[in-house]
1. Can you work out the FRET efficiency for the pair residue 91 and residue 37, with r the C-beta to C-beta distance and R0 = 22 Å, to the nearest 0.05?
2. At 25 °C and a viscosity of 0.890 mPa s, what translational diffusion coefficient does Stokes-Einstein give for region 122-214, taking Rh as the Kirkwood radius over Cα pairs? Give it in µm²/s as a whole number.
3. Once Rh is set to the Kirkwood radius over Cα pairs, what Stokes-Einstein translational diffusion coefficient, in µm²/s, holds for region 19-117 at a temperature of 4 °C and a viscosity of 1.567 mPa s?
4. Among rounded, prolate and oblate, which fits region 21-72 when a ≥ b ≥ c are the square roots of the eigenvalues of its C-alpha gyration tensor, a/c under 1.5 means rounded, and a/b larger than b/c means prolate?
5. Mean separation of Cα pairs under 8 Å and 6+ residues apart, divided by the residue count of region 122-214: what relative contact order is that in percent?
6. Below 8 Å between Cα atoms, with a sequence gap of 6+, how large is the relative contact order for region 19-117 in percent?
7. Of all alpha-carbon pairs in region 58-216, indicate the percentage at a distance above 28 angstrom.
């Protein structure tokens, strides 16, 4: 009995000395909102914010500028395409906001619980197309997107009549933030005419589209 207790104690000690690997969860600043706006994580996990807009934002802890604790934990300026990561080690609820766009209700909340993050198979893929730039575009259009977890993804371009113009890519894609470019050519290799187009991202049985304009 004594030996069994010692063995169990050693196993517990070994487990505690080798905690589960921390996760990095992506949040995107797009169209004057944080996406996703609410995230649940475990202690030791990190949030990585990416600004995919042309505007400058901040990631500032607190409920707003009137909060006396605003900016006491983090208060970082994110210029376009900039990133900021922060590791949360303590349990609690961490609201945050963007100072320049506070009146537009650009806010988010991080919930740090004592429970481990959801296993990979339970995390929704949630393909998310981010703002296309430039828009309108006269040459190549940069198309950013995000996946909640690794999946086979397909990015297609359609014209306003619903006809497929091009397949930008069709391949297995890792989780996180990605960016692909459409060179403005159709499937025959010819320059696509001016007009309204739609980028369509499909992954894991889900799809999302975003409208943009091409000018020649």
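No value in this document is a laboratory result; all are computed from the given coordinates. Just so it is clear, the model here is predicted, and its values are computed rather than measured. Note that we place each Cβ from the backbone using ideal geometry, even for glycine, and neighbour counts take in every protein chain shown.
1. On the way: r = 20 Å, r/R0 = 0.92.
That pair, residue 91 with residue 37, gives E of 0.60.
2. Details: Rh = 13.2 Å.
It diffuses with D of about 185 µm²/s by this estimate.
3. Values: Rh = 13.5 Å.
My calculation gives 96 µm²/s for D.
4. Working: a/c = 2.25, a/b = 1.14, b/c = 1.97.
Note, shape of region 21-72 comes out oblate.
5. Working: 225 pairs, mean separation 31.1, N = 93.
Worked out over region 122-214, it gives 33 percent.
6. Numbers: 231 pairs, mean separation 33.5, N = 99.
Rounded, it is 34 percent for region 19-117.
7. For region 58-216, the share of Cα pairs beyond 28 Å comes to 39 percent.
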